[in-house]
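Just so it is clear, none of the values below were taken in a lab; they were calculated from the coordinates. Because the structure is predicted, anything quoted here is derived from the model rather than measured. Cβ coordinates were reconstructed from backbone atoms using ideal geometry, including for glycine residues, and neighbour counts include every protein chain displayed.
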Amino acid sequence: MWIITKDKLRRFWEVHKPARSPLEDWYRVANKAKWEHINHVRRVFPSADAVEVKSGRTATVFNISWNNYRLIASIHYNRGKIFILDVLTHAEYSKGAWKEKY
């Protein structure tokens, strides 16, 4: 999958240093993936969840580093692209405000 953009991951791990290694691991796996639907994603990331956001679209939420962080992405299976929407701490994610952004 083509990931757009790794820069969001970098900006997050610059602030949250322990997130770097798990986010780089996620990136390596997702970059090589050839997912066609959420069930393919869950074979590699069993806790990945498809969540409907305000726009009515579906975002995929990945638990990173034993649920310490959440990576929110829009996966366009038909185009082979993953758009990273946000990376949040668990506390930020739990507030739910991110759903209103997308």
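In table form, for the structure just shown:
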| quantity | calculated |
| --- | --- |
| Proxy reagent accessibility, fewest Cβ within 10 Å first, across 87, 61, 15 | 15, 61, 87 |
| Percent of Cα-Cα distances greater than 15 Å, calculated over segment 23-102 | 53 percent |
| DSSP bridge orientation in the chain - percent antiparallel, rounded to nearest 5 | 85 percent |
| Efficiency of FRET between residue 77 and residue 17 - r from beta-carbon atoms, R0 35 angstrom, step 0.05 | 0.60 |
| Most fluctuating residue given options 42, 79, 20, as computed from a GNM of the chain linking Cα atoms under 10 Å | 79 |
| Qualifying GluC sites (Glu not before Pro) in segment 1-94, DSSP loop, other Cβ atoms within 10 Å at most 10 | none |
| Dipole of the chain, positive end: most advanced residue of 50, 33, 61 [Cβ charges, Cα centre] | 33 |
